[in-house]
Amino acid sequence: MKNHTPVIESAPDRPVTVHHQLRQATHAAHVRLNLHPLLAGLTRADFPLSNYRLILATYHRFFRVVEPAILDGLAANASEFSYADRQKLSWLAEDIAALGGALPPPQTRRVIAVPGDAAERIGMLYAIEGSTLGGQVISRHLKANLGLSPERGARFFFAYGADTENRWASFCAYAEGLSGDPVQCRRAGEAALNVFNILEALLDDGLHQPS
């Protein structure tokens with residue numbers, strides 16, 4: 001069996017950042033998510049509102065599992081990184097309510113452990129904080145195509161709005177704490193992949209949920 005582990009290349013005078021390593025480690029999973037049948041076409045003008053409601057319900061199930069684990073991990077380790085004002089579960093609840101939906105039942109079949117160290121925390125945070133970048137593009141299409149806004153149905157994808165780039169830079173600076181430790185960087189990549197896999201599995205479930 002061939003080894004498909006990506007080879008990280010860098011200029012001799014420019015060390016590879018942790019962000020770059022995590023991006024490489026999760027690239028295939030990220031592409032797979034973008035092509036998922038429930039997400040594909042989300043930016044198109046003819047994307048059904050019923051499918052968008054399924055996406056919101058799926059992401060609510062996802063963050064109801066992942067977000068408490070991240071918060072518990074950060075609290076238990078007195079991390080310098082604050083997630084308190086980055087919580088996204090309430091945004092999804094707002095969007096679901098704005099579109100006349102009810103919160104989905106708790107997801108009990110898939111759980112995720114509280115991250116035990118900085119590598120696991122950074123990997124998990126990379127997977128969910130990185131999504132806020134693409135959310136800026138998606139939110140513009142949701143407004144143009146479905147008439148949605150942060151005040152009505154698109155709070156989650158709007159995320160930090162104009163402050164998104166600053167928030168992302170702040171996370172990347174935190175992640176660089178792993179710089180120079182290839183073992184920890186690899187473990188962070190594994191943690192990020194685990195989060196992507198959980199979301200993909202929940203999206204698969206979402207395909208079979210009533211709209």
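Read-outs throughout are calculated quantities, based only on the coordinates presented, and are distinct from any laboratory measurement. These numbers were taken from a predicted model, which means no experiment stands behind them. Please note: Cβ atoms are built from the backbone with ideal geometry, for glycine as well, and neighbour counts cover all protein chains shown.
Scalar couplings 3J(HN,Hα) for the range 17-32, obtained by applying the Karplus form with A = 6.51, B = -1.76, C = 1.60 to θ = phi - 60°, are 6, 4, 3, 4, 5, 5, 5, 5, 5, 10, 4, 4, 5, 5, 4, 4 Hz; x denotes Gly and Pro. When the Gaussian network model of the chain links Cα atoms closer than 10 Å, the mean-square fluctuations of D46, D72, D85 top out at D85. Sequence-ordered 3J(HN,Hα) estimates for the range 43-55 from the Karplus curve with 6.51, -1.76 and 1.60 and θ = phi - 60° stand at 8, 7, 5, 9, 5, x, 4, 4, 5, 4, 4, 5, 4 Hz, glycine and proline given as x.
Along the range 125-136 the Karplus relation, 6.51 cos²θ - 1.76 cosθ + 1.60 evaluated at θ = phi - 60°, assigns HN-Hα couplings of 5, 4, 5, 9, 6, x, 5, 5, 5, x, x, 5 Hz to successive residues, with x for each Gly and Pro.
Within a Cβ distance under 12 Å of S79, other residues only, what is the Lys/Arg minus Asp/Glu net charge? Counting the neighbours of S79, the net charge comes to -3. Along the Cα-to-C-beta direction of A45, a point sits 7 Å from the Cα; which residues of the range 144-160 have their amide N less than 20 Å from that point? Residues passing the 20 Å test: 144-149.
Do you know the relative contact order of the chain, to the nearest whole percent, from alpha carbon pairs under 8 angstrom that are 6+ apart? If you can, show how the numbers build up before the last one.
Working: 235 pairs, mean separation 71.4, N = 211.
Answer for the chain is 34 percent.
Full extension of the chain between D163 and Q24 gives 47.5 nm of extra length, using 0.36 nm per residue less the Cα-Cα distance. The slack in the chain from A102 to R64, taken as 0.36 nm per residue of separation less the alpha-carbon distance, amounts to 12.2 nm.
Springs between Cα atoms under 10 Å define the GNM used for the chain, and in it the highest mean-square fluctuation of S139, S179, S50 occurs at S50.
Compute the Cα gyration tensor for the range 48-206, then decide on rounded, prolate or oblate, letting a ≥ b ≥ c be the square roots of its eigenvalues: rounded whenever a/c is under 1.5, prolate when a/b is larger than b/c in the other cases, and oblate in all that remain.
Prolate, because a/c is 1.5 or more and a/b exceeds b/c.
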